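Working notes for the structure below.
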Ligand SMILES: Cc1cc2nc3c(=O)[nH]c(=O)nc-3n(C[C@H](O)[C@H](O)[C@H](O)COP(=O)(O)OP(=O)(O)OC[C@H]3O[C@@H](n4cnc5c(N)ncnc54)[C@H](O)[C@@H]3O)c2cc1C
């Protein structure tokens, strides 16, 4: 038994994992959660199915976090996707692996993940106190001594793990408190921005296509007219602009470019399997074979129904024009549009609507082997409160679990 007193702030995946681990290693653990129950964001994750990790090998996995992914290497070396899958399997939550290596609970219920974690933490002796928002970290002579809740109650601790999450979906309890707690004890906060966030586009094109989901398209992000990123997969039109996996993945770069005042656009290749030449041959064939058909009817073989009027207006080809009257110039316009359907990006949705928060506690001030603060003795951070954010695909939850696992063990004084 370590006999240490550990306080964990925040009952999300990082905090629950940290608390359970610290208790496993003999610490007396108090988990303080602001909301009426833990794991509210975890519950809505993966559209209620919880994409809890990904089976990508370590290097690929880390690449999904951008340049700061390196920070996670040691955490993943200790506790990675196979460990997480085994962890849940042992606790009655078998998993399935789906397209793109995404891992979900076999039941398809994120609540099973929340319940298994909470049960496990409690069974190890963790005291979970809900409706207990922490307002201050108590530090004396550069050493943590405890925390104070907003109701004025204080709790003494030998070590504290801050796992308060990011600043998005504030209704789940993640309102960015951890940034303020960390800053107040001297930590640097890398500016907070929304990541994995839908983009807003100019004009009414997206609104006209609202609800349309495109699969197997290739999407390029253009900044000042130059290609910055390419993604292949699925995207969605909404009443304000664009969303879906491909757009969310590129949004980090789009947000930074928009904030720097640069011109941002998205170019959709609707026919990525055909190069310009092959597409031209296909269009010629279609136009010849169905010479008497109206353009809008002909497009049915090429595009989803909702896109047809938009295609006609953006290519300025009358939808009722018959195929054999379509000029070579019009055919070229159609071909260009099919390969480069462009929407100008005017902004992004607010942080509240982002899947994750970019920025946070600077990883330079954190020991990657333990998640311990380099500035305050006895203090550690875990999960999204840190300046790490990954793509969609289960990467963010794995990062929360791995950093929580490390921080909990360290807090208990375990090797
Ligand atoms: C809609 C949506 C879907 C998502 N889907 C996925 C997915 O399928 N796969 C994936 O990998 N990632 C997904 N994510 C991201 C993932 O959910 C987060 O990255 C992850 O939950 C972060 O874990 P965390 O423990 O660091 O923080 P959180 O889950 O945000 O938990 C933080 C906890 O701390 C509590 N708290 C905050 N302040 C205080 C305070 N002052 N005192 C006490 N408690 C406090 C909060 O109430 C909360 O319970 C999704 C996110 C959203 C919004």
Checklist entry - Yes or no: residue 22 in a helix (DSSP H, G or I), modelled with pLDDT of 95 or more and under 30 Å from residue 135 (Cβ atoms)? => result yes
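For a quick check of your reading: which helices (runs of 4 or more DSSP H) sit entirely within segment 161-277 and have at least 1 residues that are without any contact (Cβ under 8 Å) to a residue 60 or more places away in the chain and outside the structural domain of residue 404 (by TED's automatic domain parsing)?
205-208, 245-259
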Checklist entry - For segment 88-120, what are the residues that are in a helix (DSSP H, G or I), in contact (Cβ under 8 Å) with a residue 24 or more places away in the chain and under 18 Å from residue 396 (Cα atoms)? => result 88, 100, 101, 110, 111, 113, 114, 117
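Every residue, every condition in (1) away from the ligand (no atom under 13 Å from the Cβ); (2) crowded, with 20+ Cβ neighbours inside 10 Å, yes or no:
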{"site": "8", "(1), (2)": "no, yes"}
{"site": "18", "(1), (2)": "no, yes"}
{"site": "23", "(1), (2)": "yes, yes"}
{"site": "36", "(1), (2)": "no, no"}
{"site": "44", "(1), (2)": "no, no"}
Checklist outcome for this item: Residue hits (segment 46-62; surrounded by fewer than 16 Cβ atoms within 10 Å (Cβ to Cβ) and either within 13 Å of the ligand (Cβ to nearest atom) or free of Cβ contacts under 8 Å to residues at least 12 places away in the same chain (or both)) are 47, 48, 57, 59, 60
Next on the checklist: Suppose we keep only residues that are part of a strand (DSSP E or B) and farther than 16 Å from residue 184 by Cβ within segment 138-157. Which one would you say is farthest from the ligand (Cβ to nearest atom)?
Outcome noted: 156
Checklist outcome for this item: Screening 84, 128 for residues that are assigned to a strand (DSSP E or B) and either within 13 Å of the ligand (Cβ to nearest atom) or free of Cβ contacts under 8 Å to residues at least 24 places away in the same chain (or both) leaves only 128
Item to check | Single residue of 141, 157 found to be over 24 Å from the mean Cα position of the chain (by Cα) and exposed (fewer than 14 other Cβ atoms within 10 Å of the Cβ) | outcome: 141
Checklist entry - Just checking, which of 28, 24 is touching a residue at least 60 places away in the same chain (Cβ under 8 Å) and within 20 Å of residue 155 (Cα to Cα)? => result 28
Item to check | In segment 25-42, the residues that are more than 15 Å from residue 401 (Cα to Cα) and part of a helix (DSSP H, G or I) | outcome: 40
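The values are calculated or read from the model by the stated rules, or taken from the named source; none is laboratory data. Only a predicted model underlies this, so the values are computations on that prediction, with no experimental measurement involved. Positions of Cβ are generated from backbone atoms using ideal geometry, with glycine treated the same way; all protein chains shown enter the neighbour counts.
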